[in-house]
1. Any residue in the range 239-252 that's surrounded by 16 or more Cβ atoms within 10 Å (Cβ to Cβ): show its pairings with residues that are among the charged types (D, E, K, R) at Cβ separation under 7 Å, as long as the two are six or more apart or on different chains.
2. Check whether at least one residue in the range 256-264 is buried (at least 18 other Cβ atoms within 10 Å of the Cβ), at pLDDT 60 or above, of a type outside the set (Lys, Arg) and over 28 Å from Ser151 (Cβ atoms), and report yes or no.
3. Go through the range 213-241 and give me each residue that's assigned to a loop (DSSP other than H, G, I, E, B) and either farther than 28 Å from Glu257 by Cα or modelled with pLDDT under 60 (or both).
4. So in the range 240-250, with the set limited to residues that are of a type in the set (A, V, I, L, M, F, W, C) and more than 18 Å from the chain's Cα centre (by Cα), which one is farthest from Val196 (Cα to Cα)?
5. Please indicate, with yes or no, whether at least one residue in the range 163-173 is part of a strand (DSSP E or B) and either closer than 26 Å to Trp255 by Cβ or in contact with a strand residue (DSSP E or B) (Cβ under 9 Å, 6 or more places away or on another chain) (or both).
6. Of the residues Asp88, Asp73, which single one is out of contact with any His (no Cβ under 7 Å at 6 or more places or on another chain), touching a residue at least 40 places away in the same chain (Cβ under 8 Å) and either within 25 Å of Arg130 (Cβ to Cβ) or not in a helix (DSSP H, G or I) (or both)?
7. Of the conditions (1) touching a helix residue (DSSP H, G or I) at 6+ places or on another chain (Cβ under 6 Å); (2) farther than 23 Å from Glu195 by Cα; (3) among the charged types (D, E, K, R), Asp12 satisfies every one except a single condition; which number is it?
Amino acid sequence: MTSYPTADEAIDSAAIEAFAAQYGERAAALPPVAIVIAAFNEEGVLGSVVDALPATLCGLATSVIVVSDGARDATVAEGRAHGALVCDVPVNRGQGAALRLGYRLAREGGAAYIVTTDADGQYNPAEMERVLAPVLAGQADFVTGSRKLGSQETKDPVRRLGTWVFAVTISMLTGERITDSSFGLRAMRAEVTGEVRLEQPQYQSAELLIAVLARGFRVVEVPATIHKRQVGESKKGHNALYGLKFAGVIARTWWREHQRRAPRPATSPSPSPAAGAAGSRSQSADPLTRAVPVVRAARAGSASAGGDGLTASGGTPAATGDDPRSAKRT
């Protein structure tokens, strides 16, 4: 269901072709867990980030996919030198577009699970198992870390306030309690990324979270830590501009998903003879009105997983033990 503007589809297709030619079987037969990173001009820090990533998570082998988003420095060479599979996109489009491409590479390469982290070293690799574990245990389809439940090193009062405001806004819009809407350390079943509509080139964390909730997938938050950036500069920009753009993504995504879920009228006028079946076909082809193959779980099934700091939101029941993708392998 992931949506691609025409220009982006051409860029992604060329990047995927080059990626496949570069890595061959390694790209086509990924291990169960793909760790996806979007990177833009992260020379000098990306190598240490890749080196710190675990070779296994919860007993499952991992691979690292770095999508270089039009980097103008040695990001690509550094990532490859440290063992990552690097997809070199020559155009700078934004973190959202880079992650969307990374999700696609992971899905089409056969990964069953996707974990995301940032290229700047702000997230603790030791917390990845905590984020992935609820997905493997069948408790969630999508898990995100939360600095509100965990900790953060930033002292910027504006950023702290913005994090709270956006979380409250998304909670009100979706009806699900969210404490952190922009945490970059996440885990999910790989197919989830193909079922949601992703269009935003930037600030995709909000779009992904709202879309996942709207599609009925079960969302869990776990305590996690965000550290200060140690090297380089943040790509988020000034607080005011960042806040306005992030709010815009929230509004557009919520409205899009709200329109998709809006009930159709009980009756509709018959098409004119001239329109005929053609009008019916065009309506059913609208991606926002097609039925989504997601079964919403009973609210009782979305209970918080005990007192371990996990909070859950309602949605799709996880695959049962009969589905090897959901088996907890440790």
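1. Tyr242/Lys236; Val249/Glu207
2. Yes, because at least one residue in the range 256-264 is buried (at least 18 other Cβ atoms within 10 Å of the Cβ), at pLDDT 60 or above, of a type outside the set (Lys, Arg) and over 28 Å from Ser151 (Cβ atoms).
3. Keep residues of the range 213-241 that are assigned to a loop (DSSP other than H, G, I, E, B), which gives 215-216, 218, 227-238.
Residues satisfying the conditions are His227, Lys228, Arg229, Gln230, Val231, Gly232, Glu233, Ser234, Lys235, Lys236, Gly237, His238.
4. Initial filter on the range 240-250 (of a type in the set (A, V, I, L, M, F, W, C)): 240-241, 244, 246-247, 249-250.
Now restrict to residues that are more than 18 Å from the chain's Cα centre (by Cα): 240-241, 244.
Working: Ala240: 29, Leu241: 27, Leu244: 24 Å.
Among those residues, the one meeting the criterion is Ala240.
5. Our first condition is that a residue be part of a strand (DSSP E or B); within the range 163-173, this holds for none.
Among the residues of the range 163-173, not one is part of a strand (DSSP E or B) and either closer than 26 Å to Trp255 by Cβ or in contact with a strand residue (DSSP E or B) (Cβ under 9 Å, 6 or more places away or on another chain) (or both), which makes the answer no.
6. Numbers: Asp73 fails: touching a residue at least 40 places away in the same chain (Cβ under 8 Å).
Asp88 is the lone residue from the list that is out of contact with any His (no Cβ under 7 Å at 6 or more places or on another chain), touching a residue at least 40 places away in the same chain (Cβ under 8 Å) and either within 25 Å of Arg130 (Cβ to Cβ) or not in a helix (DSSP H, G or I) (or both).
7. With respect to (1) touching a helix residue (DSSP H, G or I) at 6+ places or on another chain (Cβ under 6 Å); (2) farther than 23 Å from Glu195 by Cα; (3) among the charged types (D, E, K, R), Asp12 is out only on (2).
A quick yes/no check of all residues on (1) in contact with a Leu (Cβ under 9 Å, 6 or more places away or on another chain); (2) small (Gly, Ala, Ser):
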| site | (1), (2) |
| --- | --- |
| Val143 | yes, no |
| Arg147 | no, no |
| Ala187 | yes, yes |
| Pro201 | no, no |
| Ala206 | no, yes |
| Arg215 | no, no |
| Val220 | yes, no |
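The values are calculated or read from the model by the stated rules, or taken from the named source; none is laboratory data. Just so we're clear, the structure is a prediction, and the values are computed from it rather than from any experiment. Here Cβ is always computed from backbone atoms with ideal geometry, including for glycine, and neighbour counts include all displayed protein chains.
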